[in-house]
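Working notes for the structure below.
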Amino acid sequence: MIKVLNLYAGIGGNRKHWGGVDVTAIESDVNIAKVYQDHFPDDKVIVGDAHEYLLKHFKEFDFIWSSPPCQTHSSFRQNICVRFRGTEPKYPDMTLYQEILFLKYNATCDWIVENVKPYYNPLIKPTKILQRHLFWSNFDIADAEFEKDNIRTAQIPDLQAKYGYDLSNYKLSNKRQVLRNCVEPELGLHILNEKIRA
């Protein structure tokens, strides 16, 4: 059984269709972690700092999936919210590039780092672009077509139907954002299958 480290796990969009895996999921928000645990009761869920967990435990896994915070890299946030809606600009969170470099030069297992298409030219060229995501990895990922999403305009009921999560009984501060942060489950399965074939 493949031992998977699922960093910045959210509610588990990327993990939804995985089978035959032993998953340790790291999520910093206790309420989001509760949703994840309820949907994947056999996974080990740790509420904590994914960045620090990676540093201390990267040698313990066969596959590492990392989805560092994407908001400060988002082209929508920068080009629409900052420029036209008065949102305060922020420094891009360099956790993304720290983890790519750390994994590239230290991990012996297969790994992938996922993030959004940024408003700038990526500082490290991605391995693959699929749907609205950039991927950096140490294994080849085949091209694949996925349903085009309307993530910017979709509302909570649409997103719940799309990802198969009902969040109505959970205390989450921004359910729409939590759902929007999900990786398409079919895309998550495609990446895992590519890792297995590698």
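Each reported figure results from applying straightforward, stated rules to the coordinates on display, with no laboratory input. Everything numeric in this text was worked out from a predicted model, so none of it was measured. So basically every Cβ, Gly included, is an ideal-geometry build from the backbone, and we count neighbours across all protein chains shown.
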Restricting to Cα pairs below 8 Å that are 6+ residues apart, what does the relative contact order work out to for the chain? Please round to a whole percent.
24
For the charge dipole of the stretch 89-169, defined by +1 on Lys and Arg C-beta atoms and -1 on Asp and Glu C-beta atoms about the Cα centroid, which residue among I124, Y91, A107 has the Cα displaced farthest towards the positive pole?
Y91
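If you filter the stretch 112-198 for trypsin sites (Lys or Arg not before Pro), then keep DSSP loop positions with at most 14 other Cβ within 10 Å, what is left?
K148, R152, K171
State which stretch of the chain is the longest one without any exposed GluC sites (Glu not before Pro), exposure meaning a DSSP loop state and at most 10 other Cβ atoms within 10 Å. Show your work: numbers first, answer last.
Values: sites that count: E145, E147.
That would be 1-144.
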Of the stretch 89-114, those with amide N under 18 Å from the point 7 Å along the Cα→Cβ vector of D140 are 110-112
Which value in deg cm²/dmol, rounded to the nearest 500, describes the helix-derived mean residue ellipticity at 222 nm for the chain, given -39,500 (n - 2.57) per DSSP H run of n ≥ 4 and division by the residue count?
-8500 deg cm²/dmol
Give me the extension gain from T127 to Y53: residue separation times 0.36 nm, minus the current Cα-Cα distance, reported in nm with one decimal.
24.2 nm
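Once R0 is set to 22 Å, what does the formula 1/(1 + (r/R0)^6) return for the Cβ-Cβ distance between D158 and E186, expressed as a FRET efficiency to the nearest 0.05? Show your work: numbers first, answer last.
On the way: r = 17 Å, r/R0 = 0.76.
Computed FRET efficiency for D158 and E186 comes out at 0.85.
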Of the trypsin sites (Lys or Arg not before Pro) in the stretch 85-127, those whose Cβ has at most 15 other Cβ within 10 Å and which sit in DSSP loop:
K90
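Taking the Cα centre of the chain as origin, sum charge times position over the Cβ atoms of Lys and Arg (+1) and Asp and Glu (-1), and report the length of that vector in debye to the nearest 20.
On the way: 25 positive and 25 negative charges, 137 e Å.
Result for the chain is approximately 660 debye, rounded to the nearest 20.
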